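Worksheet for the structure shown next.
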Amino acid sequence: MRLAVAGGVPLVDAVRSATAVPARVLGLTGEVGSLEPGARADVLVTDATLRPLRVLRQGIDVAVA
């Protein structure tokens with residue numbers, strides 16, 4: 001995403017392309033790829049430069065920078 005945004009892709013489009021689109025292609029819509037009730041709550045927290053700070057899988061910390 002960092003490279004896409006640096007290349008001029010709007011952040012919202014870059015995030016959607018990295019999350020919702022692959023989930024839909026794999027038939028996992030509603031399970032992964034979005035933050036909504038019933039979804040797994042897989043989250044990547046970044047700083048303002050889109051460098052990873054925290055990773056959560058199913059809402060549980062699995063990695064911290």
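The values are calculated or read from the model by the stated rules, or taken from the named source; none is laboratory data. Please read these numbers as outputs of a predicted model, since none were measured by experiment. Glycine gets a Cβ as well: all are built from the backbone with ideal geometry, and neighbour counts include every protein chain shown. To get the accessible areas, we keep the full protein, side chains included, count just its heavy atoms, and leave off ligands, DNA and RNA. Shrake-Rupley method; radii C 1.70, N 1.55, O 1.52, S 1.80 Å.
What percent do you get for the relative contact order of the chain when only Cα pairs under 8 Å and 6+ apart count?
Relative contact order of the chain: 19 percent.
Give me the percent of accessible area attributable to carbon and sulfur for the chain, probe 1.4 angstrom.
Here it works out to 62 percent.
Using modelled amide H (1.01 Å from N, peptide plane; none on Pro or chain starts), what sits under 5 Å from the amide H of Thr46, excluding residues fewer than 5 places away?
So Thr46 has HN proximity to Leu53.
Under the classification rounded if a/c is under 1.5, otherwise prolate if a/b is larger than b/c and oblate if not, where does the chain fall, given a ≥ b ≥ c as square roots of the Cα gyration tensor eigenvalues? It would help to have the intermediate numbers written out before the result.
Details: a/c = 2.61, a/b = 1.15, b/c = 2.26.
Cα axes put the chain in the oblate bin.
Take the alpha-carbon centre of region 45-59, take the same for region 1-41, and report the distance between them in whole Å.
Cα centroid of region 45-59 versus Cα centroid of region 1-41: 14 Å apart.
Calculate the dipole size of the chain relative to its Cα centre from +1 charges on Lys and Arg beta carbons and -1 charges on Asp and Glu beta carbons; express the result in debye to the nearest 20.
120 debye
Could you state the accessible area per residue of the chain in Å², with a 1.4 Å probe and every protein chain left in place?
Heavy-atom SASA per residue in the chain reads 73 Å².
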